[in-house]
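S.K.: Okay, here's the structure, questions in a sec.
A short reminder: the numbers here are calculations on the coordinates, not readings from a lab. Values in this document were obtained by computation on a predicted structure and should not be read as measured data. Reconstructed Cβ throughout: ideal geometry from the backbone, glycine too, with neighbour counts over all protein chains shown.
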């Protein structure tokens, strides 16, 4: 189970990966389909997806949150609604929004007690502490998607 500081560090690491990958992309690269499946997301849509991370964490905190409401078809639909809503934003605004939601997420974590962070949430086939959920959704998720975009486009991430 990650500590509060490890969660905060991962959120910052995730945003650092976003800052290394997305700001230098051309319009053509932003429109490039990254995911191979039919209707796969473009680089810009992936950034829009990352800009939903705060809302995704909030969905775990809702009364009645369960495996059925958080995963499977519910997650696929939820993801697409967020991407459709945010991907129409001009790129500079979308990039700023992604940064803002992760700052909000870090502030939320900073204000949480250890008991809150240790609260069990639905995850996978069982449960995981909220700290682990935020670590994955708010940080590792950004790292993974940013690296996927960079690899798909054959670009070196800026340091």
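S.K.: Using Cβ contacts closer than 10 Å as the measure, can you line up 11, 34, 155 from fewest to most? Could the numbers behind the result be given before it?
M.R.: On the way: 11 24, 34 19, 155 14.
Listed from fewest to most nearby Cβ atoms, that is 155, 34, 11.
S.K.: Can you give the calculated 222 nm mean residue ellipticity of the chain, where each DSSP H run of n ≥ 4 adds -39,500 (n - 2.57) and the sum is split over every residue, rounded to the nearest 500 deg cm²/dmol? Intermediate results must be reported in sequence, preceding the final value.
M.R.: On the way: 10 runs with 99 residues, N = 159.
My calculation for the chain gives -18000 deg cm²/dmol from helical runs alone.
S.K.: Would you please give the FRET efficiency between residue 88 and residue 26, computed as 1/(1 + (r/R0)^6) with r the Cβ-Cβ distance and R0 = 22 Å, to the nearest 0.05?
M.R.: Numbers: r = 19 Å, r/R0 = 0.86.
It comes out at approximately 0.70.
S.K.: In whole angstrom, how far apart do the alpha carbon centroids of segment 24-74 and segment 125-159 sit?
M.R.: 11
S.K.: Cα atoms only: what Rg and Dmax, in Å, come out for the chain?
M.R.: 15.5, 46
S.K.: Could you list 44, 20 in order of exposure, starting from the residue whose Cβ has the fewest other Cβ atoms within 10 Å? Don't skip to the end; give the middle numbers.
M.R.: Values: 44 25, 20 17.
Least to most surrounded, the residues fall as 20, 44.
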